[in-house]
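Taking it in order: structure first as C-alpha cells, then the write-up.
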Amino acid sequence: MKLDDFEQLVTTHPVLASHAEFLRGMLKPCVRIQVTDQLPRDAQSRFGGIPLLPPGFAWPQHEVGVYRFLAQIDFSEIANRPESLPEAGLLVLFYAEYAPDSDGEEEIFWGDEGYVKAAFFEDPAMLVATPPPRGKAVPGRRILLTGEWDLPRHSDLRKDWPLDSEVLDGLLEDPGAMYGKPSSDALLPTDYLLGYPSYYSLGYDPTPGPQWVSLLTLHSHDAFEWCWHDGDKLMVFIEQDRLAARDFGALQCDAG
C-alpha cells in the first residue's frame, strides 16, 4: 500500500487510530507487481514469455519433468525500490512443472527443495532470449514494479497484537468500505516482492524460519498456466543473508 493510504487508514479509523504507532512499526517494504497487456521487450520485467539468459546457459532440469520459466525481474525498473533489493541486474526464476509417475501420482511438490530456482545476472546487456529446451513458452506480459508497504493479512502473523486485528481484514481488501464507498482497488497487492507472505488456505506462518524473508508471492494466473494449490498462491522465501549477498541459489517455497 502507499504510505499516504496507510496514514489515512490508521489516523481516521476509530479503532486503528489509537494503535497507529504500533501499526507503523509493523510495516514492511514490498514491491507491487502489476500485470499489463503489453508484450515485454528486451530485458523488461515479465511474467511468461521467453527469458534473457547467458549464451549457453544450462536450463534447470529435474528427474520427472521440466522447469518452466516463471518470471524475469529487472531491479532497475522498480520505482521507490526498497533498499534490500539490488539497484540493478536481472533475476530470472523457474519452477518445476508437475509430472505424473507411473501410478498417476504427482511427483513434484512446491515444498520440495529446488521447486523454484533462480539466477541473477548483474549485466543484462550480455544476455540473449533463450526459449525453453522442451515444451512451448506461454505468452509473456510486461509487469510494472512499484515500491510500497505491506501489513500482515492473516491472524497467524498477528499474534500478540495489542488490538483486535480483525478490524483490518475488510479494510485492507476494500478500503472504500470504511466510508460506504466500496472500491475495486485493494490496498495490498496480490502479486508482489518482499513484504509478508499471504495465502488463502493455510493455517500457519509459512516462513521457513527467523532468518528467512518473503522474496516473491504470486497468485494463480490462468494466462500463464499457473495453478498453485488449486488456485491459491505460491510463496517463495530467501534467507536474509543470502538476499544481502545477492545469492538467490537456495530458495524455499510453500503454497496455499
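The values are calculated or read from the model by the stated rules, or taken from the named source; none is laboratory data. Computed from a prediction, not measured in an experiment: that's the story for all the values here. Reconstructed Cβ throughout: ideal geometry from the backbone, glycine too, with neighbour counts over all protein chains shown.
Quick look at the values:
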read-out: Cβ-Cβ under 6 Å pairs, at least 6 apart or on other chains, segment 201-227 side closer than 16 Å to Trp110 by Cα, far side surrounded by fewer than 12 Cβ atoms within 10 Å (Cβ to Cβ) and modelled with pLDDT of 95 or more; value: none
read-out: Selection count where residues are assigned to a helix (DSSP H, G or I) and more than 26 Å from Ala88 (Cβ to Cβ), scope segment 1-57; value: 20
read-out: Residue count for segment 94-121, restricted to those that are at pLDDT 95 or above and touching a Pro at 6+ places or on another chain (Cβ under 9 Å); value: 5
read-out: Search result, residues across segment 13-40 that are in contact (Cβ under 8 Å) with a residue 24 or more places away in the chain and either among the acidic types (Asp, Glu) or within 22 Å of His221 (Cα to Cα) (or both); value: Cys30, Val31, Arg32, Ile33, Gln34, Val35, Thr36, Asp37, Gln38, Leu39, Pro40
read-out: Scope segment 216-256; condition in a helix (DSSP H, G or I), over 23 Å from Gly135 (Cβ atoms) and in contact with a strand residue (DSSP E or B) (Cβ under 8 Å, 6 or more places away or on another chain); matching residues; value: Gln240, Leu243
